1. State all residues of segment B:7-39 that are part of a helix (DSSP H, G or I), touching a helix residue (DSSP H, G or I) at 6+ places or on another chain (Cβ under 6 Å) and at pLDDT 90 or above; if no residue qualifies, say none.
2. Does residue B:117 satisfy the condition of being surrounded by fewer than 16 Cβ atoms within 10 Å (Cβ to Cβ), at the interface with another protein chain (Cβ under 10 Å from one of its Cβ atoms) and farther than 30 Å from residue B:58 by Cβ?
3. Quick test of your reading of the structure: residue B:224 fulfils all but one of (1) over 18 Å from residue B:80 (Cα atoms); (2) in contact with a helix residue (DSSP H, G or I) (Cβ under 9 Å, 6 or more places away or on another chain); (3) at pLDDT 90 or above. Name the failing condition by number.
4. Within segment B:258-276, restricting attention to residues that are surrounded by fewer than 18 Cβ atoms within 10 Å (Cβ to Cβ), within 12 Å of chain A (Cβ to nearest Cβ) and touching a helix residue (DSSP H, G or I) at 6+ places or on another chain (Cβ under 9 Å), which residue is nearest to residue B:244 (Cα to Cα)?
5. Restricting attention to segment C:229-247, and to residues there that are farther than 17 Å from residue C:276 by Cα and assigned by TED's automatic domain parsing to the domain that holds residue C:271, which single residue is surrounded by the most Cβ atoms within 10 Å (Cβ to Cβ)?
6. Go through segment A:28-64 and give me each residue that's within 18 Å of residue A:252 (Cα to Cα) and in contact with a strand residue (DSSP E or B) (Cβ under 6 Å, 6 or more places away or on another chain).
7. Test each condition in (1) crowded, with 16+ Cβ neighbours inside 10 Å; (2) modelled with pLDDT under 90; (3) within 14 Å of chain A (Cβ to nearest Cβ) for residue C:4 and report the one that comes out false.
8. Do any residues in segment C:65-78 that are away from chain A (no Cβ under 14 Å) have Cβ atoms under 8 Å from those of residues that are surrounded by fewer than 19 Cβ atoms within 10 Å (Cβ to Cβ) and modelled with pLDDT of 90 or more, where the two are at least six apart or on different chains, and which pairs are they?
C-alpha cells in the first residue's frame, strides 16, 4: 500500500508520508477547537474538564434560565433575520442592476458594494458609533440591522452576481418577447433560476450578522445587546462554563448552515 | 399610434428618430442604474460618510482647533510599539499560515474532488464557526487550568503550568486558527486550476518530482498564494476579537488601540487618525498586491 | 397574422464598430425573409432591433404603420426563437408554451387547449408534461417554436434556430419550418449564416455584410444574379476566374466570353463566377468561346458518384461530380487535360463592388 505510487510521476505514498502526517496535524489543529467544547459543555462538575468525569445539563439550564442570555439570543436572531431580509433584497437588485448595465457606472457601483469587506471592522464600528450617536441609533435594533446589512451586502452581491454570470440572459429576453414586462420577467423567469445563489447570499448575510462582534460591541447595549456582545464580555471577564453550552449550540448552528451552504452549492453545480 | 419620425432631423437622413432613441436609451440606463441606489445609499450613510467624518475629525484637537497633533502623536514610543507589535503579530500569523496552509492546500488539490471535498469540511467548518466560539475554545485549551496544562502536570511532565495564553503565543495560536481557512481556500482554488498534465510533462522532460514541483507547480501557485497572504495579513492588521481576548493586555494591537482611545479616553481625534492610517495601509497593501499579481484579493473569500 | 414591416435608415454603432449602417428594408405581409450573412455582419443586431433588445442610434421600424422602436419588447407581440432555445428550465413543456398565454390573462381552460394545439402542431403534444431537461435538442427546438407561435404573434423572429442541431435533423427541421410557415402564413424574419438553409426556406433573402444590405431578392435571383463578388462568393460553392475587358466583349484568358446579358464586364476588370454544377463536359460553339481548359488532378470513386478534382488555369481547384453510369462519357485520367464549357445563360460576371 505505502509503496504504491501516489501520483502519475511515481512518487510513492511512503515518500509522501511526512506530508500526510503534517496535513493530518493541521486539519486536527483546525477541527479540535470546534469540537472539544461540545463534550465539555455537558460536564457535571463546577469546572470545565476533558473528558468530563460526570455528565449533566447544568450549563444548558443556566443558559436557558438566564433572562439576560435569552434576551441577547433573541436580539441576535431578530437582527440577523432582519439583516438577511434587507441585505438579500438590496443586494439582489443591485447585482441585477450591475449585471444589466454596461459602462463605467456599474463598475464603480461594484467597487462601492465591495467596500464594506475591505474596510477594517474596527473602523466601521467607531464610524457607526460616531454617526449613530448623532442619529440616536446607538443601542437600537434598527442601528444594528443597518450596520450589519452594510457588512453583509458584499457577500450577497458576490453570490448573486456569480449566479447571474452563469445565467443565460436570453431567458429573460425571451420572456419579454413573449409579453412579460421586465420586472415580471425577472420575477417569473430569472429569480427562480438564480434562487440558489440568492439563498446562499442570504445564508452568508445571516452568518455575517449573527457572528458579528466588533460593531455590536460599540453600537449595541442594554436590552438590545447581542449574544456576541454578551459572550465577549463574559469570556473577557471570567471563564463561565455557560459559554461552553452556548458555544456548543452555536457550533450546531454552524454545522446546519454549513450543510445548507453545501447543499446549495451542490444544487448549483448540478444544474 | 403616432409615427415617431423626427421631422427636424429629416434633412439629415442618418438622424431619423435619433434624439427620441437617445432619450429612451438614457431612461432605461437610469432605471437600471437606480437599482443599485438603495444599497449604495446605505453604504454611503453607514460606511463612507462616517469614515469621511472621522478623517475630518482627525485634524482637530479636543477643543475643536485644527491640528496635526493626532498624527504627530503616532510617533510617540507607545504608538510606535503598537505598530511594531501589530506588524509583528500579523507577520508571524501570516508566516505560520503559509507554512501550515500550503501543504494542506497542495495535498487536497492532488486528491480526487470527492476526497478533497470531505477533507475540506475540516477547513470550512471552522470557517463557519463564530470567531468568539473558537477563541473561547482556545482559552479553554490553553489557560493555566486548561486542558494542556492539566494533562501535562497530571502526567508529571511539567511541574508548573506553562503560560500558553494571555500572551503573544496564545494570540498567535488563536489568530492562526482564525486565518488559516482564508489562506487555504483561495490557494486550493488556484492549485486546482493547475493542469495536472503539466507535472507529467515536466517529468517527461526529465525533471525529478522535487524539480517539477519547484519549477512548475510552485510558480503557478504563487498568484493564489499571494492572494491568500494579502488577505490574511490585511485581516490581521485590523483584527480585534482574538487579540483582545487571548492577548491578556500584553499584546498591543492597532485595532485595540483605536478601541481604547474611544472607550477609555474618549479621544475621537486620536482614534480617527489611527483609523485613517490603518485604512490607508490596508488599501496600499491591497493595491500593491493587485498590481503585482493581478489578483482580486477579496474575490472569492467570505 | 400577416404584418407589414418597414425598416427605415436604421444605424447602430458600438463605439467605433458600425453594426448597422443606414439599413432600410421592407418586409411583405406573410413573407418568409431571411437575413443571411457572415458572423459579425449585423444580421443578429438587426433582428434584435426588431425584437427590441437592441436600441439603434437612429432610424425607424414600423409594423402595420405603428412605430415600433419606442415600444418595450413585451409590448411588441413578436414570437422569438433563440439560438439556444432559451426554454425555461424551471417549467414543464406545457408551462413553457402556456407562459405567453398566462401573461395575456387567457383563462386556464383555453390556455391548456391552445398550448396543446401549439404542441400538436410541432408534434410535441405527447411530451407536454415532461421537464425541459428531459428533451433532446430537436425536441427543445420544437417546444421553443410552439411557445413562439402559441399567442399568434404579429411576426415570428428566429435567430439561427437550427444551428445547434446535427446536419440530418437540421435538414428535416428546415422542411418542417417551411411547411409550418406555409400553413400559418405568419410574417417571419429568420437569421442564419447557412446559405443553403436560406435558399431552402426563404421567400426572399437579404444578404447582409458590414452592416449593410448587400442584395435583397428571391433565392434564385440571389443565386443566379449575384450583384457583386461577395454575394457570388457567399452563395454556393464558387470559384472566380479573372476576366479582362476586350474590344468586342469580356475575355477569359484571351478567349471570348458570351454572357447572359451581354453588357457585363465590357468596361472594367471583372470575375467569372464558376460553380461546379454549371460546368459542362462538352458542348459550346466552334469559336472556342466560354471554354475553360483544366486538368483533372484526382478522380475518386464515392459510391453514388465520382468526385473529380479539377485544377483551373489560375491554379484554383474545384470539385466536380459525375454519376457512375458514364452518361457523361469517358472518365478523365489523373493529370489529363480536359475542356469544360459554360453555357452563356450560366455565364455570370461580377465585379468587386456592386
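The values are calculated or read from the model by the stated rules, or taken from the named source; none is laboratory data. Predicted model only: the values in this text are computed from it and were never measured. Counting neighbours? That spans all protein chains shown, and the Cβs are built from the backbone with ideal geometry, glycine included.
1. B:38, B:39, listed by residue number.
2. So residue B:117 passes the test.
3. So the condition that residue B:224 fails would be (3).
4. B:260
5. First, the residues of segment C:229-247 that are farther than 17 Å from residue C:276 by Cα: C:230, C:243-247.
Filter again for assigned by TED's automatic domain parsing to the domain that holds residue C:271, leaving C:243-247.
Numbers: C:243: 25, C:244: 14, C:245: 13, C:246: 15, C:247: 6.
In this case the residue turns out to be C:243.
6. Answer for segment A:28-64, where residues must be within 18 Å of residue A:252 (Cα to Cα) and in contact with a strand residue (DSSP E or B) (Cβ under 6 Å, 6 or more places away or on another chain): just A:42.
7. Condition (3) is where residue C:4 drops out.
8. These pairs meet every condition: C:69/C:55.
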